[in-house]
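Since the structure comes first, as structure tokens, the remarks are kept for the end.
Just so it is clear, none of the values below were taken in a lab; they were calculated from the coordinates. Worth saying up front: this structure is predicted, and the values here are computed from it rather than measured. Note that we place each Cβ from the backbone using ideal geometry, even for glycine, and neighbour counts take in every protein chain shown.
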Amino acid sequence: MKSSTKIIIGIGIATTASAAVAVILSEKAVKKFGHAKKRCLLKKFVHTKLDGNEKILDVVNEMSDEDVDVIVRFMDKVKDGRKKISVYGDTAKEATEKIKEAFLQFIGGTE
């Protein structure tokens, strides 16, 4: 095998290895950034809704990334539930108004 072929193969292997390392490191960086963003969101929640309670902030700082993920997912589910409740509330309110109008018409029609 020619030495130029060996050099090209070596460069190809080195390029492939460095690309694989770059992909792995970028995935880790994205995960780390995502965890930091969620932790910041949780701290912001503590500041706004719980008056910046220092004990709770200490607990948030001590939590693992998985624990923070679980709490943030729970908070998202609560938000979704509130949105659904408000939609159902509007629908129930409209239905109540329709029933009230129909009832008043029925009472008024029998007189």
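With r as the distance between the Cβ atoms of THR16 and LYS37 and R0 = 30 Å, compute the FRET efficiency 1/(1 + (r/R0)^6) and round to 0.05.
Details: r = 32 Å, r/R0 = 1.06.
After rounding to 0.05, the efficiency reads 0.40.
Taking the Cβ of ASN61 as the center, what net charge do the other residues with Cβ under 10 Å away carry, scoring Lys and Arg +1 and Asp and Glu -1?
0
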Task: Whether the chain is rounded, prolate or oblate, judged on the alpha carbon gyration tensor where a/c under 1.5 counts as rounded - done: oblate
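So which trypsin sites (Lys or Arg not before Pro) in the stretch 1-34 are both in a DSSP loop and have at most 11 other Cβ atoms within 10 Å of their Cβ?
Details: sites: LYS2, LYS6, LYS28, LYS31, LYS32; in loops: LYS2.
Counting only loop positions with at most 11 other Cβ atoms within 10 Å, the trypsin sites (Lys or Arg not before Pro) in the stretch 1-34 are LYS2.
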Open item on the list: Can you compute the modelled spin-label distance between LYS84 and ASP58, with each label point 7 Å from Cα toward Cβ, in nm?
Closed with: 3.8
Open item on the list: Around VAL70, under 13 Å between beta carbons, what's the net of Lys plus Arg minus Asp minus Glu among the other residues?
Closed with: -1
Task: Net charge of neighbours whose Cβ lies under 14 Å from the Cβ of ASP51, counting Lys and Arg as +1 and Asp and Glu as -1 - done: +3
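Taking loop as defined by DSSP and a crowding limit of 11 other beta carbons within 10 Å, which trypsin sites (Lys or Arg not before Pro) in the stretch 50-107 fit?
Details: sites: LYS55, ARG73, LYS77, LYS79, ARG82, LYS83, LYS84, LYS93, LYS98, LYS100; in loops: none.
Passing sites in the stretch 50-107 do not exist.
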TODO: Excluding residues on the same chain fewer than 8 positions from LYS84, give the lysines whose Cα lies under 27 Å from its Cα.
DONE: LYS37, LYS38, LYS43, LYS44, LYS49, LYS93, LYS98, LYS100
Task: Principal-axis tilt of helix 65-110 within the chain, Cα atoms, nearest 10 degrees - done: 20
Open item on the list: Running a GNM on the chain with Cα contacts under 10 Å, which residue among LEU42, LEU57, LEU25 ends up with the highest mean-square fluctuation?
Closed with: LEU25
Task: Residue of VAL21, VAL70, VAL60 that the Gaussian network model of the chain assigns the largest fluctuation, springs spanning Cα pairs under 10 Å - done: VAL21
